[in-house]
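Report on one structure; see the data block that follows.
The values are calculated or read from the model by the stated rules, or taken from the named source; none is laboratory data. No experiment lies behind these values; they were computed from the predicted model shown. Don't worry about glycine lacking a Cβ; one is built from the backbone with ideal geometry, like all the others, and counts go over all protein chains shown. Please note that ligands, DNA and RNA were not included when accessible areas were found on the heavy atoms of the full protein model with its side chains. Shrake-Rupley method; radii C 1.70, N 1.55, O 1.52, S 1.80 Å.
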2 protein chains.
Amino acid sequence: MTVRSEPAQHAGMRASNLALVLGEIARTGSVSRARVAAHTGLTKSSVSALVTDLISAGLVAESGPASTERGRPATALALAPAGAAGLGLEINVDYLAAVVTDLAGAPRYHHVVRRDNRDRGVDEVVADLIDVARTAAGSAAAQGLPLAGACVAVPGLAVDGTVVRAPNLEWPRVDLADSVGDAIGLEVVLENEANLAALGEMWFGGHQDDSAPLRDFVHVSGEIGIGGGIVIDGEVFRGAHAGAGELGHVVVAPGGPRCACGGHGCLERMAGQQEILARAQVATMADLTHACEAGDQAALDAVADAGRHLGVALASVLTLLDPAAIVLGGAFATLAPWLSAATSASIGHHTGATEPPPLLVSGLGSDAAVRGAAGTVVRRVIADPAAYLAQRPAGRVGPS
Amino acid sequence: MTVRSEPAQHAGMRASNLALVLGEIARTGSVSRARVAAHTGLTKSSVSALVTDLISAGLVAESGPASTERGRPATALALAPAGAAGLGLEINVDYLAAVVTDLAGAPRYHHVVRRDNRDRGVDEVVADLIDVARTAAGSAAAQGLPLAGACVAVPGLAVDGTVVRAPNLEWPRVDLADSVGDAIGLEVVLENEANLAALGEMWFGGHQDDSAPLRDFVHVSGEIGIGGGIVIDGEVFRGAHAGAGELGHVVVAPGGPRCACGGHGCLERMAGQQEILARAQVATMADLTHACEAGDQAALDAVADAGRHLGVALASVLTLLDPAAIVLGGAFATLAPWLSAATSASIGHHTGATEPPPLLVSGLGSDAAVRGAAGTVVRRVIADPAAYLAQRPAGRVGPS
């Protein structure tokens with residue numbers, strides 16, 4: 001049995017109480033110290049001391065009078081608008097993006113650079129990403145937003161700061177977190193873009209105020225590749241080797257053509273952007289959208305065909321995972337007006353379900369992943385403010 | 001904030017400590033009071049008092065001298081061989097089964113009645129199940145095993161004691177738990193047979209002593225229907241509406257023939273027992289096995305074809321869920337010698353994975369679900385012995 005020392009126990013309890021108080025302020029948006037005490041079970045004097053620390057660390061601000069229960073005046077607490085901020089970055093096949101999010105999750109900076117990254121060297125793309133990151137960090141500094149860290153959305157599998165697989169970029173192993181982190185002086189983590197898009201949708205997609213907020217759903221993220229994010233009880237499901245949710249490689253044409261992943265008949269091979277554009281005989285997604293708007297039959301047929309393939313994959317997803325909703329994101333959100341009817345019909349045909357779960361369309365589209373990346377950083381601060389405080393001189397506790 | 005009364009707090013703490021102590025005894029198999037105290041962090045006197053209660057309730061027995069650290073003699077504690085037992089029952093399309101399991105999970109009674117239940121009325125099948133259950137309960141009584149409850153494996157979806165869907169039996173809604181429970185005087189719960197088969201495999205499939213015990217895997221259960229059990233971190237994953245894991249209805253032939261579920265091209269429609277038997281031109285699974293053993297080409301082709309379809313479904317499962325292993329159970333375990341090569345090749349072709357997770361073969365075969373059902377009952381006693389004690393006069397606590 002491990003015997004813990006008293007100071008360590010004390011620090012652990014302080015850390016968990018700081019998280020309890022900050023979490024309550026984040027959850028409610030605006031709340032008095034007395035209500036925080038009532039809802040957390042902490043004493044009023046403990047709450048006052050913890051709130052003082054959170055205010056001096058810049059994470060919480062007094063925001064005017066709070067509603068009170070017995071007419072006594074009280075001061076409302078809220079997340080500080082200039083508290084810790086998060087830098088979200090995204091490398092995708094045909095663009096780079098950056099978002100700065102404040103502690104409450106509101107976007108304070110957003111920039112997208114469209115450029116095909118497939119024909120360029122890894123070093124060139126990483127250098128561009130660092131430029132994009134520096135510009136975003138400059139904007140955060142100019143707005144007085146202290147960045148708590150950065151998270152990079154990658155179109156592939158990342159393990160411990162290294163991109164280990166990015167089939168659509170054809171990258172070797174790339175130690176991306178260290179390269180970017182050293183250049184911008186922030187702690188950097190990597191995450192699959194489809195998983196981040198699912199989180200972005202859950203946090204910022206406008207579902208928070210729904211009668212049933214999204215907590216168990218599958219998010220379809222269609223860029224050049226097709227990705228999927230499986231969210232179970234509010235958490236991304238990653239599987240045994242962090243490879244879960246690869247919707248683009250569900251088999252929709254058994255024995256079909258070879259896919260870039262090495263498999264055959266994958267959804268991405270049958271309904272990815274390149275396939276749709278080729279069938280529609282147009283060059284870009286913007287051209288495709290215009291053609292659909294103009295009622296071009298080849299374009300409409302190409303999109304409907306992709307929708308049917310997507311419906312086959314989603315039929316298997318519903319059968320295996322029984323989610324409460326499916327969200328069409330990325331390019332599929334843009335194409336939804338011409339795609340969802342075919343997808344729904346295909347789901348119905350292949351599952352026989354009379355009431356399949358709702359097929360929602362993302363309001364964030366291709367921004368979901370980079371929004372989710374920035375959100376991941378500030379969510380981590382809210383979940384563990386003590387760790388954030390420990391990085392700042394003002395928040396240091398105990399001997400060091 | 002809810003203010004708990006002191007006695008309620010005390011009872012809650014006693015319940016959680018009883019579970020801690022019994023769980024430690026179950027985990028280790030044989031252990032001294034002193035080691036239980038060291039591993040749980042409880043005082044030796046608390047452990048002694050709790051163990052006395054568990055012994056008087058018949059759940060724990062002293063089993064001879066324990067190994068000691070400093071040469072002092074100590075008495076070993078183990079789960080009582082005649083402690084609470086579990087009754088597992090199974091209704092399947094072509095058989096009924098019962099198992100009695102002692103507290104350590106060892107089977108003490110096992111009986112299977114082969115009979116096609118599709119052409120018979122619900123009442124007739126339920127009456128037969130009650131007969132099977134009574135005979136099993138009689139055997140438990142004769143062996144001095146007190147039954148703590150029963151769990152029925154059903155080939156479909158069960159919610160709160162009611163079978164709400166059983167496509168291969170074509171049953172209406174059936175309040176099965178009450179019917180069986182009233183007849184045999186035990187609390188009865190229902191669970192999907194594919195989920196129970198996965199749990200049976202995890203608990204009793206011989207993987208407990210492996211270097212990496214099964215905790216994250218998908219179990220394929222092939223009887224007349226094809227089911228799947230998804231286990232994530234040791235727990236069955238049920239999805240948002242308890243319908244997850246329906247491997248038999250993953251789409252393996254898009255636009256293919258209609259399935260009993262209302263969908264099209266489902267795995268079960270393409271590779272279920274009826275389909276295999278029809279293609280092999282034999283009448284029963286026993287005939288099929290004999291034909292395969294004799295090298296009959298039609299039989300071998302039919303099984304390999306089913307294996308290829310199964311591989312398509314499993315390719316999508318691997319892609320979506322990234323499990324650490326797949327276990328072939330039920331009839332697929334019996335057919336594994338002629339099926340797994342085709343399944344593995346199809347998985348490889350459709351995923352391109354050079355090292356897919358292992359394709360294991362269940363040693364329990366068609367017994368996995370009923371073993372899992374009985375195991376569920378005794379696992380519940382071990383997880384919450386206070387609830388079991390509260391049902392027995394000897395174990396009653398507090399005013400009543």
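Numbers at a glance
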read-out	value
Near-label residues of the range B:166-184 by backbone N, under 16 Å of a point 7 Å along Cα→Cβ of B:Glu124	B:169-172
Alpha-carbon Debye profile of the range B:170-281, log10 I(q)/I(0) at 0.10, 0.14, 0.20 Å⁻¹	-0.40, -0.75, -1.12
Label 7 Å beyond Cα on the Cβ vector: B:Glu187 copy-to-copy distances, nm	4.5
Ranked order, A:Asp128, B:Asp119 - accessible area, probe 1.4 Å, largest first	B:Asp119, A:Asp128
Interface residues in the range B:279-322 - accessible area drops by 20 Å² or more relative to the isolated chain, probe 1.4 Å	B:Val312, B:Ser316, B:Thr319, B:Leu320, B:Leu321, B:Asp322
The range A:309-400: trypsin sites (Lys or Arg not before Pro) in DSSP coil with no more than 12 other Cβ atoms inside 10 Å	A:Arg396
Gyration tensor (alpha-carbon) shape descriptor, the range A:135-188, a/c threshold 1.5	prolate
Spread of Cα-to-Cα distances over 10 Å intervals beginning at zero, given as percent, for the range A:61-209	11, 36, 30, 13, 6, 3, 1
All Cα pairs of the protein assembly as shown, percent lying beyond 54 Å	19
Distance in nm between pseudo-label sites at A:Glu355 and B:Gln297 (7 Å out along the Cβ direction from Cα)	5.3
Descending principal axes extents, the range A:159-225, alpha-carbon based, whole Å	43, 28, 17
Interface size A-B, as summed buried accessible area [1.4 Å probe, Å², nearest 100]	3100
Positive-end residue of B:Gly330, B:Gly229, B:Gly262, charge dipole of the range B:208-363 with Cβ unit charges	B:Gly262
Calculated FRET value between A:Arg215 and B:Ser48, using beta carbons and R₀ = 30 Å, to 0.05	0.10
DSSP H segments from chain B that extend 20 Å or more along their own axis, Cα-based, with Kyte-Doolittle mean of 1.0 or above	B:297-321
Position B:Ser30, label points 7 Å along Cα→Cβ, spacing to each other copy in nm (shortest first, one decimal)	6.8
Inter-chain Cβ neighbour average for residues B:351-360, partner chain, 10 Å	3
Heavy-atom surface of the range A:265-400, accessible at 1.4 Å and reported per residue (Å²)	39
With every protein chain in place, the protein assembly as shown: carbon and sulfur % of accessible area (1.4 Å)	51
Computed [θ] at 222 nm, deg cm²/dmol, chain A (DSSP H ≥ 4; -39,500 (n - 2.57); rounded to nearest 500)	-14500 deg cm²/dmol
Shape call, the range B:251-304: gyration tensor on alpha carbons, a/c limit 1.5	prolate
Chain B - percent relative contact order, Cα under 8 Å, separation 6 or more	17
Cα-based shape type of chain A, given that a ≥ b ≥ c are square roots of the gyration tensor eigenvalues and the cut on a/c is 1.5	prolate
Cα-based Rg and Dmax for the range A:206-363, where Dmax is the largest Cα-Cα distance (Å)	15.2, 46
Summed residue charge, Cβ within 13 Å of B:Gly239's Cβ, Lys/Arg positive, Asp/Glu negative	-3
Label spacing, shortest first and in nm, from A:Pro358 to its equivalents in the remaining copies (7 angstrom along Cα→Cβ)	4.5
